[in-house]
Amino acid sequence: MKLIDNGYSAPDRLDATFAALADPTRRAILGRLASGQASVAELAAPFAITQPAISKHLKVLEHAGLIARDRVAQRRPSRLHAVPLAAASQWLAEYRQFWESSFRNLDALLGEFKETSKKKKKHKHKKHGRSPQ
């Protein structure tokens, strides 16, 4: 088993993870590997690209530490190594808290706006002697 760490610092590992995840083919490969190890040929099958192109994608994933590649005779099956995904998920969770707080504040502001709008509408109708509809 060969797992590349390259002595990355945490921010560099995170950069490598997101760079690897930026490509839809690599995300699809990770999705396939989530169900078990696979050879280059098996990983290439659903795509309209060559095995050498898949191998390049695998190198990027391996470099980011997202997969591990074994050597079994002539085969080099790949398998998912999800640890870097946990770090990415943790990083995203911090921003999720920010957005959830922002959305709560926006909901409160919209609620205030609706109440103010209702009061203005009600006041306008009373002023003109009409009842609100």
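From GLU100, GLU112, grab the single residue that is free of Cβ contacts under 8 Å to residues at least 24 places away in the same chain and over 30 Å from SER9 (Cβ atoms).
Only one candidate passes the filter, namely GLU112.
Please work out which residue is modelled with the lowest pLDDT, limiting yourself to segment 3-13 and to residues that are part of a loop (DSSP other than H, G, I, E, B) and of a type outside the set (Gly, Ala, Ser).
Applying the filter and picking the extreme gives LEU3.
Test each condition in (1) surrounded by fewer than 11 Cβ atoms within 10 Å (Cβ to Cβ); (2) in contact with a helix residue (DSSP H, G or I) (Cβ under 6 Å, 6 or more places away or on another chain) for LEU43 and report the one that comes out false.
The one condition LEU43 does not meet is (1).
Is it the case, given these coordinates, that SER35 is farther than 25 Å from THR17 by Cβ and loosely packed, with under 14 Cβ neighbours inside 10 Å?
No.
Let me confirm something: among ILE49, ILE67, which residue is modelled with pLDDT of 95 or more and surrounded by 10 or more Cβ atoms within 10 Å (Cβ to Cβ)?
ILE67
Just to be sure, is ALA16 small (Gly, Ala, Ser), touching a residue at least 12 places away in the same chain (Cβ under 8 Å) and in a helix (DSSP H, G or I)?
Yes, satisfied.
The values are calculated or read from the model by the stated rules, or taken from the named source; none is laboratory data. In this text, all values refer to a predicted model and were calculated from it rather than measured experimentally. In this analysis, Cβ positions are derived from the backbone assuming ideal geometry, glycine residues included, and neighbour counts consider all displayed protein chains.
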